Amino acid sequence: MAVGRSSGRGGQSECVRGAEHNCCSDHHTAHMPLSGNDLWGLVTEAMGVCRVVAAARAGLAGLAWLMADPPQLVLVGLDSSGKTTALLRLKYGRYVNTVPTVGFNCERLRSGGCSWVAWDVGGAERVRPLWRAYTRGADAVLFVVDSSSAADRLEEARHELHVLVRRQATQSAALRRSRPPVLVLANKQDLPSARSPDDMIDALGLADLPPCQPWALAPACAVTGEGLPEAMTDLRRLFIKARRTNPSRG
Ligand code: G3D
Ligand code: MG
């Protein structure tokens, strides 16, 4: 036999009694019958407490995440694709004239709602073997491509991107961690000869990447900064999703 919920608005108890009714203990009957409203109140109160506890736990988790080391972002791509321009634009919010990168640049920055430690690595052919040292510990990759480049340079970019993804698959498997997401930045969209995002997806063979590789492509112009915040938001989203899949960062 159940305790019926009060139908009266004035808090009138409608405690249904029957032969097997045993919800009202002695002390209950001795004092005040526990009405449906009372029970409902207790339940909602308990739910409220649970919500507060959950919010506090989420807050602590968020705090711990903020205090932890920021994720490592690596910018790679062919030389002159606009990596350093993009990095400095993200860091300072304005255009900074660049010189060809010798070695690497490293900046701590905040973009897309997340703090990052960003590594910008030279893209000339002779230094590309160095990419592996940077991508090994990467949490996310920004692969910058000049959308206005000639077909042979795009083919070269496609080749390097696929090599990078294959290498990261091996490294991630060895380290038992999720694959770092790759955000392809289709840069230099301001130039008249720039390919559209769809053409870039085709030219770079992104549909041929393994299904377990998180990726996205975002059009941008690193000189004006157009598209960069959206790109970084996409990257953060992919990063959080990958992290949820495998919370241990390895
Ligand atoms: P890298 O670091 O990938 O080697 P850089 O490339 O950032 O040094 O940029 C190479 C050149 O491309 C620079 O021009 C830079 O201004 C230009 N560039 C970068 N992003 C864009 C863009 O979105 N649009 C246009 N039009 N140009 C861009 P210079 O003349 O200094 O070599
Ligand atoms: Mg550079």
Quick count over segment 165-176, residues being of a type outside the set (Val, Ile, Thr) and open to solvent by less than 50 Å² (accessible area, probe 1.4 Å), is 5
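Would you mind stating whether Val182 is farther than 16 Å from Asp79 by Cβ and open to solvent by less than 20 Å² (accessible area, probe 1.4 Å)?
Details: farther than 16 Å from Asp79 by Cβ: yes; open to solvent by less than 20 Å² (accessible area, probe 1.4 Å): yes.
Yes; evaluated as a whole, the condition is true for this residue.
Tell me, please, whether a residue that is open to solvent by less than 50 Å² (accessible area, probe 1.4 Å), in a strand (DSSP E or B), acidic (Asp, Glu) and within 19 Å of Leu87 (Cβ to Cβ) can be found in segment 153-164. Walk me through it before giving the result.
Filtering segment 153-164 down to residues open to solvent by less than 50 Å² (accessible area, probe 1.4 Å) leaves 154, 157, 160-164.
Within this subset, residues satisfying the condition of being in a strand (DSSP E or B) are none.
The answer is no, given that none of the residues of segment 153-164 is open to solvent by less than 50 Å² (accessible area, probe 1.4 Å), in a strand (DSSP E or B), acidic (Asp, Glu) and within 19 Å of Leu87 (Cβ to Cβ).
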Residue satisfying all of: in segment 209-244; of a type in the set (D, E, K, R) and under 14 Å from Gly112 (Cα atoms); least open to solvent (accessible area, probe 1.4 Å) among these
Asp234
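Mind telling me which of the residues Gly103, Gly62 ends up being open to solvent by less than 60 Å² (accessible area, probe 1.4 Å), outside the structural domain of Val127 (by TED's automatic domain parsing) and modelled with pLDDT under 95?
Answer to the selection: Gly62.
Just to check your reading of the model, which residue among Arg132, Arg94 is closer than 23 Å to Ile240 by Cα, more than 21 Å from the chain's Cα centre (by Cα) and of a type outside the set (S, T, N, Q)? Give the steps one after another, and end with the answer.
Values: Arg94 fails: closer than 23 Å to Ile240 by Cα.
Criteria check complete, one pass: Arg132.
Look at segment 198-208 and say how many of its residues are assigned to a helix (DSSP H, G or I) and buried (at least 16 other Cβ atoms within 10 Å of the Cβ). Show your work before the answer.
In the first step, residues of segment 198-208 are kept if they are assigned to a helix (DSSP H, G or I); the result is 198-203, 206-208.
Those still in the list that are buried (at least 16 other Cβ atoms within 10 Å of the Cβ) too: 200-201, 203, 206.
Here the count works out to 4.
Could you please find all residues in segment 76-100 being part of a helix (DSSP H, G or I) and surrounded by fewer than 16 Cβ atoms within 10 Å (Cβ to Cβ)?
Here is the first cut: in segment 76-100, the ones part of a helix (DSSP H, G or I) are 83-92.
Answer for segment 76-100, where residues must be part of a helix (DSSP H, G or I) and surrounded by fewer than 16 Cβ atoms within 10 Å (Cβ to Cβ): just Tyr92.
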Anything in segment 185-197 that is in contact with a helix residue (DSSP H, G or I) (Cβ under 7 Å, 6 or more places away or on another chain) and either open to solvent by 10 Å² or more (accessible area, probe 1.4 Å) or farther than 14 Å from Val144 by Cα (or both)? List them, or say none.
Arg195
Tally up the residues in segment 161-175 that are closer than 15 Å to Ala140 by Cβ and modelled with pLDDT of 95 or more, please.
3
Those residues of segment 100-150 which are without any contact (Cβ under 8 Å) to a residue 40 or more places away in the chain and of a type in the set (A, V, I, L, M) amount to Val102, Leu109, Val127, Leu130, Ala133, Ala150
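Scan segment 115-132 and tell me whether some residue there is away from ligand 2 (no atom under 16 Å from the Cβ) and at pLDDT below 95. Spell out the reasoning first.
Step one: of segment 115-132, the residues away from ligand 2 (no atom under 16 Å from the Cβ) are 115-117, 129, 132.
Subset that is at pLDDT below 95: 129, 132.
For segment 115-132, residues away from ligand 2 (no atom under 16 Å from the Cβ) and at pLDDT below 95: present.
The values are calculated or read from the model by the stated rules, or taken from the named source; none is laboratory data. Since this is a predicted model, take the numbers as computed values, not measurements. Cβ atoms come from the backbone with ideal geometry, glycine included; neighbour counts cover every protein chain shown. Each accessible area value is taken on the protein alone, full model and side chains, heavy atoms only, with ligands, DNA and RNA left out. Shrake-Rupley method; radii C 1.70, N 1.55, O 1.52, S 1.80 Å.
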